[in-house]
Amino acid sequence: MLFPKASARAQQTLKIEADATGEKISVYREGLAGPLLTQNVKAGFRPYIHPITTPDGKAQSTQFSPGHHKHQTGLYWGLTRVNGRDYFHHPGEGYWKRVSARVEKAAGQQVAWIT
């Protein structure tokens, strides 16, 4: 079976950079000025991914705490009923604790991190 040739965009190198505070891990793609996505891992706050940009890097596809849904923070874990607790509507301290955030594979056609 013949498969279509992978697009040039898919073959571009990705890289991850963690900021100096340890609160953000961003994924960049060769040829784009800004990150494709950023994982936010602040201490005492729900981990979330924002912004997530379109593949061409021209627009964002996530919002952080929009007026119509203040509790929403980009892409995140929406657990509402775990042992009687609602993590979905409580993104702050008392519900979330950062244990770790680290880069596993920093560059290549695939990258990886753990939070």
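Given (1) of a type in the set (Ser, Thr, Tyr); (2) open to solvent by less than 50 Å² (accessible area, probe 1.4 Å); (3) touching a residue at least 60 places away in the same chain (Cβ under 8 Å), identify the lone condition not met by Thr38.
Result: Thr38 fails condition (3) only.
Could you list, in sequence order, all residues of the range 41-91 that are without any contact (Cβ under 8 Å) to a residue 40 or more places away in the chain and in contact with an Asp or Glu (Cβ under 6 Å, 6 or more places away or on another chain)?
Thr80
Of the residues Val82, Val99, Val103, only one is within 28 Å of Lys15 (Cβ to Cβ), of a type in the set (A, V, I, L, M) and open to solvent by less than 70 Å² (accessible area, probe 1.4 Å); which? Explain how you work it out, then say what you get.
Numbers: Val82 fails: within 28 Å of Lys15 (Cβ to Cβ); Val99 fails: open to solvent by less than 70 Å² (accessible area, probe 1.4 Å).
None of the others qualify; the one that does is Val103.
Tell me which residues, restricted to the range 62-79, are assigned to a strand (DSSP E or B) and open to solvent by less than 40 Å² (accessible area, probe 1.4 Å). I'd like the intermediate steps shown before the answer.
From the range 62-79, those assigned to a strand (DSSP E or B) are 64, 73, 75-76; that's our starting set.
Thr73 - this is the single residue of the range 62-79 that is assigned to a strand (DSSP E or B) and open to solvent by less than 40 Å² (accessible area, probe 1.4 Å).
The values are calculated or read from the model by the stated rules, or taken from the named source; none is laboratory data. Quick caveat: nothing in here was measured; it's all calculated off a predicted structure. Cβ coordinates were reconstructed from backbone atoms using ideal geometry, including for glycine residues, and neighbour counts include every protein chain displayed. Protein only, heavy atoms only, side chains kept; ligands, DNA and RNA dropped before computing areas. Shrake-Rupley method; radii C 1.70, N 1.55, O 1.52, S 1.80 Å.
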